[in-house]
Amino acid sequence: MDFDKREYFRCILQEEMRALLEEAEKTVSEMTADTTSFPDPNDRATQESDRTFELRIRDRERRLLNKIREALERIDDGTFGTCEMCGEQISEARLKARPVTTLCIDCKIEQEKKEKM
């Protein structure tokens, strides 16, 4: 993969990381600032349910942040865009759809087939 394409994907990944960190910061500030106490048990339950849902989303985003960091490391060490299983180049279309991917589409399909069994 040439330098310009690597830099293109670096920008995409850095922007995605910035957006995720911004959302995480907003969630933390909202949750720490929210000291609303609801006398009605149903309202409290709804609030707890909403918080739990929000935290699950943030946990998924935390895992995505780790994948983004790993992808940025692969860009730095020159292995970005190379399939970890077969060593072939991952198509640019696949990388645009999922820049954190480590497998080409054929290897991913094979992995998913094995997971189903």
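The values are calculated or read from the model by the stated rules, or taken from the named source; none is laboratory data. These numbers come from a predicted model, not from an experiment. Virtual Cβ from ideal backbone geometry, glycine too; neighbours counted across all protein chains shown. To get the accessible areas, we keep the full protein, side chains included, count just its heavy atoms, and leave off ligands, DNA and RNA. Shrake-Rupley method; radii C 1.70, N 1.55, O 1.52, S 1.80 Å.
Things worth noting here:
- Test for D43: is it at pLDDT below 95, more than 15 Å from the chain's Cα centre (by Cα) and either part of a helix (DSSP H, G or I) or of a type in the set (A, V, I, L, M) (or both): yes
- Output for the stretch 64-90, where each listed residue is of a type in the set (G, A, S), surrounded by 15 or more Cβ atoms within 10 Å (Cβ to Cβ) and part of a loop (DSSP other than H, G, I, E, B): G81
- T32 vs. criteria part of a helix (DSSP H, G or I), open to solvent by 90 Å² or more (accessible area, probe 1.4 Å) and of a type in the set (S, T, N, Q): yes
- Taken over the stretch 46-62, the criterion of being farther than 18 Å from L21 by Cα and either loosely packed, with under 10 Cβ neighbours inside 10 Å or at pLDDT 90 or above (or both) is satisfied by S49, T52.
- Breaking point among (1) more than 22 Å from S91 (Cα to Cα); (2) open to solvent by less than 60 Å² (accessible area, probe 1.4 Å); (3) modelled with pLDDT of 95 or more, for E7: (1)
- Filtered residues of the stretch 92-113 (kept if within 13 Å of K5 (Cα to Cα) and surrounded by 14 or more Cβ atoms within 10 Å (Cβ to Cβ)): L95, P99
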